[in-house]
Ligand code: RB5
């Protein structure tokens, strides 16, 4: 994996899970900036999905990881930020394809549905796979033009 900066955001669904993910990414050489939330106090996932989305768009070359119970709500929130393509993935193949075909720049994980073991495989796939371009370029360009 090449060195990259990753913004991490989550709600209250799995603080220990999030910590493990952060430690894992750092062990792989990534710089990780955790934008919260930081405990198990109930918070609203849109706040953290948006934060990560804005950070990724504002810092070229960075990517994001967003985590909530299902990964769904926080991925939807990140996707509302123009320039973000967030993919909520449950296995490594989906993660790989989200990079190859969709050029996803944010990965969503569901702390209550995806084991840490699988999450680590998903992270490996997501961060080591490049966008294929070609016919996918036109489609991704269209995605990014949707307001
Ligand atoms: C919070 O309980 C839960 O709704 C949230 O983590 C997420 O799963 C929403 O999509």
When the chain is treated as a Gaussian network with springs between alpha carbons less than 10 Å apart, the largest mean-square fluctuation among 73, 53, 108 is found at 73
Where is the GNM fluctuation largest for the chain (alpha-carbon springs, 10 angstrom cutoff): 64, 133, 49?
133
Would you mind listing how long the chain runs along its three principal axes, going by Cα atoms, in whole Å with the largest first?
43, 31, 26
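So what is the calculated 222 nm ellipticity per residue for the chain, using -39500 (n - 2.57) for each DSSP H run with n of 4 or more, over all residues, to the nearest 500 deg cm²/dmol?
Details: 6 runs with 68 residues, N = 147.
That comes out to -14000 deg cm²/dmol.
Full-extension gain between residue 130 and residue 40, please, as 0.36 nm times their residue separation minus the C-alpha to C-alpha distance.
Details: separation 90, 0.36 × 90 = 32.40 nm, distance 3.44 nm.
This chain segment gains 29.0 nm when fully extended.
Report the gain in length on full extension from residue 97 to residue 118: 0.36 nm times residue separation, minus Cα-Cα distance, nm rounded to one decimal.
Result: 6.0 nm gained on full extension.
As a footprinting exposure proxy, order 128, 37 by other Cβ within 10 Å, with the fewest listed first. It would help to have the intermediate numbers written out before the result.
Numbers: 128 13, 37 21.
The order, fewest Cβ neighbours first, is 128, 37.
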Cα Rg, Dmax, segment 1-42, angstrom units
10.7, 35
Would you please put 140-147, 79-86 in order of how densely packed they are, using the mean number of other Cβ atoms within 10 angstrom per residue and starting with the highest?
79-86, 140-147
I need the fraction of alpha carbon pairs in segment 69-143 separated by more than 17 Å, rounded to a whole percent.
42 percent
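Specify whether the C-alpha gyration tensor of segment 1-75 places it in the rounded, prolate or oblate class, a ≥ b ≥ c being the square roots of the eigenvalues: rounded for a/c under 1.5, otherwise prolate if a/b is larger than b/c and oblate if not.
On the way: a/c = 2.24, a/b = 1.32, b/c = 1.70.
Oblate.
The numbers here are math on the coordinates, done by the rules we state, and not lab data. From a predicted model like this one, the values you see are computed outputs, not experimental measurements. Here Cβ is always computed from backbone atoms with ideal geometry, including for glycine, and neighbour counts include all displayed protein chains.
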